[in-house]
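Written out below as structure tokens is the structure these notes cover.
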């Protein structure tokens, strides 16, 4: 494939574009690339250096490193590296040469996987997303998605350089990754929220589907009959979650604890509780927080929020008000009706007057009639001053 060395208009980054100025200094850009790309030997612009333009932005989400970069045509060489990298093009054309093989990868068609090997490459004006993969975490995620033991070996084909299709039937991985990048962009000002968002987990799940679409898109999920030897797994999972509400739990964690795949977990939880697993977990967090609020068993709302697994006090307050119709700062002990959640029928709490009346303590119309003047039958009135 011939590469057009004429620079076009620099495309935007997939995230961080508004926060990143355009650089025309190839030397400065090479230094930035070398900080995130181990083994870089050279990086040169194609065409006139005066026309070179580039931008790059990197984020780390719970150990998952993502680099968005855009540049006019360049050529580069990388020696042996410790990184396994998936390079996803969002705009432009690329060629990577690994040994005798030349891998071309174009936007909306294919990405390229480079596992810890030397390579050379060149490109047109482009915008890419580079994903540094932890092979162990990826295999663990794939095993959990399939409902298999974490240490069971699953061949994901990540030990050799290859092209990876960006479309599998109705599934567009470009659109999925673009969606995640948009979410990252929206959370760049809130690093704690970015770490708590689960975007890293979603990306690893997407990578598993990209590398083995035959397992996750074509092949049917194992039948529930295959899981008959794990009776009580859901009960044990629920109990474990109730005793660790202060911890972060992902869908992969739930899969590993229960031995069920994500799809089977969704089915079993909705059948039993009327909620998805993560909806059920949030309900447990909110119910635990409510019990402690009513009992006065807390020091600050922020401390209570963290103890029940919420990232921030504001996140807790919003979720609590949505669930119970009031803020958690309301005076404990006030009674009100609670909205039902899913199919779990939560009875409305009786008002104080109904409780008193049911116990024979509240005044009734018969036991406390209006006082009347016995002679005239008119209502007794308090005399006015001087009357």
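The values are calculated or read from the model by the stated rules, or taken from the named source; none is laboratory data. Since the model is a prediction, treat every value here as computed from it, not as a measurement. Cβ atoms come from the backbone with ideal geometry, glycine included; neighbour counts cover every protein chain shown.
Going residue by residue through region 174-194, is there one that turns out to be part of a strand (DSSP E or B) and either in the same structural domain as residue 312 (by TED's automatic domain parsing) or more than 18 Å from residue 67 (Cβ to Cβ) (or both)? The answer is no, given that none of the residues of region 174-194 is part of a strand (DSSP E or B) and either in the same structural domain as residue 312 (by TED's automatic domain parsing) or more than 18 Å from residue 67 (Cβ to Cβ) (or both). When we screen 216, 211 for residues that are at pLDDT 90 or above, farther than 19 Å from residue 14 by Cβ and out of contact with any strand residue (DSSP E or B) (no Cβ under 6 Å at 6 or more places or on another chain), the only hit is 211. Touching a strand residue (DSSP E or B) at 6+ places or on another chain (Cβ under 6 Å), part of a strand (DSSP E or B) and farther than 17 Å from residue 87 by Cα: which single residue out of 42, 29 fits that description? Going through 42, 29 in turn, the sole match is 42. If you check 120, 109 for being surrounded by fewer than 17 Cβ atoms within 10 Å (Cβ to Cβ), in contact with a strand residue (DSSP E or B) (Cβ under 6 Å, 6 or more places away or on another chain) and more than 17 Å from residue 205 (Cα to Cα), only one passes: 120. Considering only region 138-155, state which residues are in contact with a helix residue (DSSP H, G or I) (Cβ under 7 Å, 6 or more places away or on another chain) and assigned to a loop (DSSP other than H, G, I, E, B). Scanning region 138-155 gives 146, 147, 149, 150, 152, 154.
Here is a yes/no grid of residues against (1) more than 27 Å from residue 237 (Cβ to Cβ); (2) at pLDDT below 50; (3) not in a loop (DSSP other than H, G, I, E, B); (4) not assigned by TED's automatic domain parsing to the domain that holds residue 252:
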residue	(1), (2), (3), (4)
272	no, no, yes, no
289	no, no, yes, no
299	yes, no, no, no
350	yes, yes, no, yes
374	yes, yes, no, yes
381	yes, yes, no, yes
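Which ones in region 53-84 are assigned to a loop (DSSP other than H, G, I, E, B) and closer than 21 Å to residue 107 by Cβ? Selection gives 53, 72, 73. Residues of region 233-270 that are at pLDDT 85 or above, under 19 Å from the mean Cα position of the chain (by Cα) and outside any helix (DSSP H, G or I): 245, 246, 247, 248, 249, 250.
With the structure loaded, tell me whether residue 112 is touching a residue at least 12 places away in the same chain (Cβ under 8 Å), assigned to a loop (DSSP other than H, G, I, E, B) and assigned by TED's automatic domain parsing to the domain that holds residue 50 or whether it fails that test. Here the answer is no, as residue 112 does not meet what is asked. Selection over region 38-97 of residues that are free of Cβ contacts under 8 Å to residues at least 12 places away in the same chain and either within 30 Å of residue 192 (Cα to Cα) or under 33 Å from the mean Cα position of the chain (by Cα) (or both) gives a count of 1.
Among the residues of region 6-23, those identified as free of Cβ contacts under 8 Å to residues at least 40 places away in the same chain and surrounded by 14 or more Cβ atoms within 10 Å (Cβ to Cβ) are 20, 23.
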